[in-house]
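Student: Dropping a structure here in structure tokens format, bear with me for questions.
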Amino acid sequence: MKTSVFLEKLQEELEEDETLTTETNLKSLESYDSISLLSIIAFVDENFNKKIDTKHFKDIETVSDLMNVIGKENFEE
């Protein structure tokens with residue numbers, strides 16, 4: 001998936017007004033809460049067929065961290 005498409009879809013999933021970048025700190029977003037955490041898990045499973053364990057989320061701060069957990073090989077410029 002193109003990184004730009006991923007960022008757009010993630011922004012929609014989080015219902016976030018702010019444009020996301022790879023450097024966006026997820027925890028600083030107004031819309032980021034336990035519900036959005038579940039949305040991200042479902043989003044990743046649906047789009048990448050990958051299950052993310054919730055314990056990984058304590059280490060995920062930025063969108064780039066999330067992309068690393070998903071696997072950089074799943075993204076293209």
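The values are calculated or read from the model by the stated rules, or taken from the named source; none is laboratory data. A quick note: this is a predicted structure, and the numbers were derived from the prediction, not measured. With ideal geometry, Cβ positions are generated from the backbone for all residues, glycine too; neighbour counts draw on all protein chains shown. Remember, those area values only see protein heavy atoms, side chains included, never the ligands or the DNA or RNA. Shrake-Rupley method; radii C 1.70, N 1.55, O 1.52, S 1.80 Å.
Student: Which residues make up the longest stretch of the chain clear of trypsin sites (Lys or Arg not before Pro) that lie in a DSSP loop with no more than 16 other Cβ atoms within 10 Å, not counting the sites?
Tutor: Details: sites that count: Lys50, Lys51.
With a cap of 16 other Cβ atoms within 10 Å, the longest stretch comes to 1-49.
Student: What residues qualify as long-range amide H neighbours of Lys50, i.e. H under 5 Å apart, gap of 5 or more or another chain, H built at 1.01 Å from N?
Tutor: Asp45
Student: Could you give the length gained on full extension between Lys55 and Tyr32, defined as 0.36 nm per residue of separation minus the Cα-Cα distance, in nm? Kindly include the intermediate steps, with their values, before the conclusion.
Tutor: Working: separation 23, 0.36 × 23 = 8.28 nm, distance 1.64 nm.
Full extension of this stretch gives 6.6 nm more.
Student: If you roll a 1.4 Å probe over the heavy atoms of the protein chains, what accessible area per residue do you get for the chain, in Å²? Numbers along the way, then the final one.
Tutor: Details: 4840 Å² over 77 residues.
Using a 1.4 Å probe on heavy atoms only, each residue of the chain averages 63 Å².
Student: Right, next: Averaging over all projection directions, find the projected area of the Cα convex hull of the chain and quote it in nm² with one decimal place. Walk me through the numbers on the way to the answer.
Tutor: Numbers: hull surface 17.7 nm².
Result: 4.4 nm².
Student: Within the range 3-74, what whole-number % of the accessible surface is contributed by carbon and sulfur, with the 1.4 Å probe and all protein chains included in the calculation? The partial results should precede the final answer.
Tutor: Numbers: 1950 of 4370 Å².
About 45 percent, which is the carbon plus sulfur part of the accessible surface.
Student: Can I ask one more? Too long at a 21 Å Cα-Cα cut-off: which of Lys2/Lys55; Lys27/Lys58; Lys2/Lys58? Don't skip to the answer; put the middle values down first.
Tutor: Numbers: Lys2/Lys55 26 Å; Lys27/Lys58 10 Å; Lys2/Lys58 26 Å.
Pairs exceeding the cut-off: Lys2/Lys55; Lys2/Lys58.
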